[in-house]
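Each reported figure results from applying straightforward, stated rules to the coordinates on display, with no laboratory input. Predicted model only: the values in this text are computed from it and were never measured. Note that we place each Cβ from the backbone using ideal geometry, even for glycine, and neighbour counts take in every protein chain shown.
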Amino acid sequence: MAFRWQDHIVRDPEICGGLPTMKGTRVLLRQVLADVANGTMATDIIAAYPSLRPDHIRAAIAFAANSAKDDLPVLDKPAA
């Protein structure tokens with residue numbers, strides 16, 4: 001079965017005001033993405049938020065990649 005980020009990220013109006021969180025936690029998706037973008041190692045993110053699992057980190061990255069797929073323009077190669 002293929003990995004699905006949708007199985008690890010949820011929006012619940014009763015949790016963190018409905019902002020996307022990592023399933024089973026109160027850790028915001030945007031916090032995980034910010035930590036990854038800042039170069040924080042997955043093991044350090046999990047140590048900082050013990051309710052997270054490695055699949056949560058993977059799901060956050062997969063979510064960002066999926067979101068960027070439709071939102072980012074294709075860049076032309078610079079002329080040689």
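Things worth noting here:
- Restricting Ala47, Ala42 to those that are among the hydrophobic types (A, V, I, L, M, F, W, C) and touching a Pro at 6+ places or on another chain (Cβ under 7 Å) reduces the list to Ala42.
- Residue count for region 2-56 satisfying the condition of being more than 18 Å from Asn66 (Cβ to Cβ) and among the acidic types (Asp, Glu): 4.
- Taken over region 7-19, the criterion of being within 14 Å of the chain's Cα centre (by Cα) and without any contact (Cβ under 8 Å) to a residue 12 or more places away in the chain is satisfied by Arg11, Leu19.
- Residues being surrounded by 15 or more Cβ atoms within 10 Å (Cβ to Cβ) and touching a strand residue (DSSP E or B) at 6+ places or on another chain (Cβ under 9 Å) - total across region 16-30: 8
- Yes/no for Ser67 being polar (S, T, N, Q), loosely packed, with under 14 Cβ neighbours inside 10 Å and in contact (Cβ under 8 Å) with a residue 24 or more places away in the chain: no
- Consider region 38-56 and keep the residues that are touching a strand residue (DSSP E or B) at 6+ places or on another chain (Cβ under 9 Å) and without any contact (Cβ under 8 Å) to a residue 40 or more places away in the chain. The one that is farthest from Asp7 (Cα to Cα) is Tyr49.
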